[in-house]
Amino acid sequence: MPRRRLLYILAVVAMLGQMAFAMVTTAMQQSPTIDEPVYVATAEVYRQQQSLRYNPEHPPLGKLIIAVGTAFAGAELDPAYPGNQTRLGRHLLYETGNNPFELMLLARLPVIVLTLAFGLVVLFFARDLAGPWAGLIALALYSFSPDVIAHGSLATLDVPAAGMLLTAFWLAWRARERPKLYVPLAGVALGAALATRMSVLPAVPLLILLLALSTWTARPGDRRRRLLEAAGAAFGAGLIAIAVVWFTYLVVDPRLRWTTPPDLPELAGLKALAVDLLPFPQAYRDGMLVQFKFENRLYNGFLLGEAYRGSPWYYMPAAILIKTPLGMLALWLAGVVTLFVVPKLRVAALYLLPVSALLLLVTMTGARNFGTRYVIILPMFLAVAAGTVALIRIRRAWMVTAALTLFVAVSSLRTFPYYLPYSNEAFGGTANTSRNLHDANVDWGQDLARLGQHLKTRYPGEQVWLVYKGSGVPQYYGIDFRDPYSVPPAEIRGLLVISDSRVALASPRLKQMMAGGTLIDRVGHSISIYRR
């Protein structure tokens with residue numbers, strides 16, 4: 001093997017190796033986040049009971065992937081359990097004799113493996129566009145992305161759906177050379193993304209058009225024949241994607257037993273028509289209605305120290321600026337400019353930028369200001385775009401690129417193992433994220449186990465008053481506490497422990513409790529401890 005190729009492979013292994021270490025370490029240390037118990041319990045219902053009745057707002061594939069891990073835990077579920085999906089998750093983890101640490105680690109491992117595999121997609125995509133150095137730059141940005149590491153180490157659906165969509169667009173690019181091979185594969189990847197999260201639906205028309213463009217480009221000759229082949233490729237890929245979605249539901253329940261929930265919203269106009277025309281199982285279409293129900297609500301938010309009600313359009317751009325490493329932002333911008341400046345890359349821009357902009361715009365107009373996880377596609381697609389700076393021939397451009405990439409790596413390594421609450425240096429770093437953002441940006445209930453250990457070693461025997469936001473059970477982690485809302489504020493004496501998401505949206509009474517205490521400690525950059 002040539003020495004240069006060996007060094008290249010070693011660099012790839014080193015970057016993915018550090019990413020794997022970071023994700024596994026994080027997965028082992030964190031308690032369940034708010035969404036995870038629902039997905040894990042639903043995965044077990046799929047596996048043990050072949051039933052679609054839980055969590056219809058998300059298609060099954062991501063949870064089937066999680067079930068690959070939980071199958072090794074030997075967990076048991078009561079098929080007659082009457083609770084909703086939130087109670088079912090708590091029941092599975094804490095009330096049936098299962099080990100939640102072991103069960104959650106096994107649930108997270110398949111997602112970790114997928115996240116590493118998507119790193120190779122980033123590498124190959126960038127390398128196809130701009131050569132081997134582009135692949136390394138793109139992989140470096142991806143593998144050190146705090147957001148990708150944070151959510152790639154959780155048993156959730158954001159990274160799997162985004163990675164499958166990235167794979168579909170990469171295969172669409174490769175279809176420019178071999179459409180007979182890559183168009184069907186792109187259809188499979190698109191179907192997998194659709195079978196994981198419905199939020200990728202707006203990207204479908206873009207990908208179908210790009211598959212037609214790729215097929216047209218690959219077939220010189222008669223215009224009519226090229227047009228027919230392009231249309232056939234687009235139609236065929238769409239049919240394959242639809243088949244993948246149906247197959248996923250049939251894997252769970254071959255009889256597709258499903259009862260429409262009674263409280264779904266009544267839609268009218270284009271939304272109703274779009275749902276009715278979806279060529280997917282009824283459970284999928286009803287899940288879309290559940291999503292619309294969520295979008296019709298008004299939520300509380302928190303940005304740059306201010307609580308609000310609603311969903312301002314600028315929330316997501318601001319959150320991205322706060323939670324993305326500064327060097328990464330610079331390289332993203334440089335990559336976008338490169339795609340337009342270098343003539344041979346202008347077509348490639350169609351495979352990276354419109355989908356990124358479209359899905360960002362969709363989140364900006366949505367109702368839920370809960371975190372940058374909703375645009376986790378950006379560290380993937382824009383890493384590929386950033387890799388194209390390898391083609392810049394300006395003097396010493398490679399030195400600037402290397403310095404910015406190193407800056408990203410250092411910023412990421414400094415936050416280890418607290419990737420979920422990361423923010424960049426311009427906004428005070430990880431320790432200050434809670435002053436600017438809330439929810440899955442900083443505090444998603446992930447530090448309950450750390451809190452239990454911290455209280456045991458630092459504050460043994462002290463009275464604890466807990467205001468926790470999360471899905472975990474504090475008692476399981478050895479936290480003996482009282483509810484501060486059960487007594488007048490004057491009677492609260494000892495340690496007042498509050499999740500930072502509760503601090504951000506504090507009610508007048510909670511503010512009164514906090515004002516009567518002194519902040520003395522933090523746990524995991526997501527939980528504050530006051531002494532009263």
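The values are calculated or read from the model by the stated rules, or taken from the named source; none is laboratory data. Here the structure is a predicted model, which means the values were calculated and not measured. With ideal geometry, Cβ positions are generated from the backbone for all residues, glycine too; neighbour counts draw on all protein chains shown. Calculation scope for accessible area: heavy atoms of the full protein, side chains included, ligands and nucleic acids excluded. Shrake-Rupley method; radii C 1.70, N 1.55, O 1.52, S 1.80 Å.
Descriptive notes on the structure:
- Residue pairs whose Cβ atoms lie under 7 Å apart, sitting 6 or more positions apart in sequence or on different chains, and linking a residue in the range 265-281 that is under 18 Å from Arg297 (Cβ atoms) to a partner that is open to solvent by 80 Å² or more (accessible area, probe 1.4 Å), are Pro265/Asn296.
- Considering the conditions (1) open to solvent by less than 10 Å² (accessible area, probe 1.4 Å); (2) touching a Leu at 6+ places or on another chain (Cβ under 8 Å); (3) in a helix (DSSP H, G or I), Gly287 is excluded by exactly one of them, (2).
- Taking the range 425-446 as the range and being within 23 Å of Arg368 (Cα to Cα) and not in a helix (DSSP H, G or I) as the test, the residues that pass are Asn436, Leu437, His438, Val442, Asp443, Trp444, Gly445, Gln446.
- Cross-chain or 6+ apart pairs with Cβ under 9 Å, the range 493-513 first and over 22 Å from Leu455 (Cβ atoms) and in a helix (DSSP H, G or I), then among the basic types (Lys, Arg) and open to solvent by less than 60 Å² (accessible area, probe 1.4 Å): none
- Selection count where residues are part of a helix (DSSP H, G or I), of a type outside the set (A, V, I, L, M) and either surrounded by fewer than 13 Cβ atoms within 10 Å (Cβ to Cβ) or in contact with a Leu (Cβ under 8 Å, 6 or more places away or on another chain) (or both), scope the range 215-234: 4
- Only listed residue being under 30 Å from Gly310 (Cα atoms), over 17 Å from the mean Cα position of the chain (by Cα) and hydroxyl-bearing (Ser, Thr, Tyr), chosen from Thr372, Thr365: Thr365
- Filtered residue count, the range 134-160, keeping only those that are assigned to a helix (DSSP H, G or I) and aromatic (Phe, Trp, Tyr): 1
- Hey, Ser434 at pLDDT below 95, closer than 30 Å to Phe144 by Cβ and open to solvent by 10 Å² or more (accessible area, probe 1.4 Å) or not: no
- Single condition Ile65 does not satisfy, out of (1) out of contact with any Pro (no Cβ under 8 Å at 6 or more places or on another chain); (2) farther than 28 Å from Leu404 by Cβ; (3) of a type outside the set (D, E, K, R); (4) open to solvent by 10 Å² or more (accessible area, probe 1.4 Å): (1)
- The condition of being more than 16 Å from Val188 (Cβ to Cβ), among the aliphatic types (A, V, I, L, M), without any contact (Cβ under 8 Å) to a residue 24 or more places away in the chain and surrounded by 14 or more Cβ atoms within 10 Å (Cβ to Cβ) holds for Leu201.
- All positions within the range 452-475 that are closer than 20 Å to Leu510 by Cα and either open to solvent by less than 20 Å² (accessible area, probe 1.4 Å) or aromatic (Phe, Trp, Tyr) (or both): Val464, Trp465, Leu466, Val467, Tyr468, Pro474
- Search result, residues across the range 74-95 that are outside any helix (DSSP H, G or I) and open to solvent by 30 Å² or more (accessible area, probe 1.4 Å): Gly74, Glu76, Asp78, Pro79, Ala80, Tyr81, Pro82, Asn84, Glu95
- Close contacts from the range 32-51, counting a first residue that is under 16 Å from Arg373 (Cα atoms) and of a type in the set (A, V, I, L, M, F, W, C) and a second that is open to solvent by 10 Å² or more (accessible area, probe 1.4 Å) and part of a loop (DSSP other than H, G, I, E, B), with Cβ to Cβ under 7 Å and a gap of 6+ residues or different chains, come to Ile34/Gly470; Ile34/Ser471.
- Options Pro262, Pro281: the member that is open to solvent by less than 70 Å² (accessible area, probe 1.4 Å) and either closer than 30 Å to Ser356 by Cβ or of a type outside the set (Val, Ile, Thr) (or both): Pro281
- When the test is whether a residue is more than 20 Å from the chain's Cα centre (by Cα), over 17 Å from Asp500 (Cβ atoms) and free of Cβ contacts under 8 Å to residues at least 24 places away in the same chain, Gly461 passes it.
- Selection from the range 54-90 of residues that are more than 19 Å from Gly472 (Cβ to Cβ) and of a type in the set (Lys, Arg): Lys63
- Any hit, the range 517-529, residues being open to solvent by less than 40 Å² (accessible area, probe 1.4 Å), in contact with a Leu (Cβ under 8 Å, 6 or more places away or on another chain) and in a helix (DSSP H, G or I): no
- Pairs, first within 18 Å of Gly445 (Cβ to Cβ) in the range 92-110, second surrounded by fewer than 23 Cβ atoms within 10 Å (Cβ to Cβ) and among the aromatic types (Phe, Trp, Tyr), C-beta under 6 Å, six or more apart: Tyr94/Tyr476
- Summed over the range 103-135, the residues that are open to solvent by 30 Å² or more (accessible area, probe 1.4 Å) and either at pLDDT below 95 or under 21 Å from the mean Cα position of the chain (by Cα) (or both) give a count of 8.
- Scope the range 290-299; condition over 19 Å from the mean Cα position of the chain (by Cα) and in a helix (DSSP H, G or I); matching residues: Val290, Phe292, Lys293
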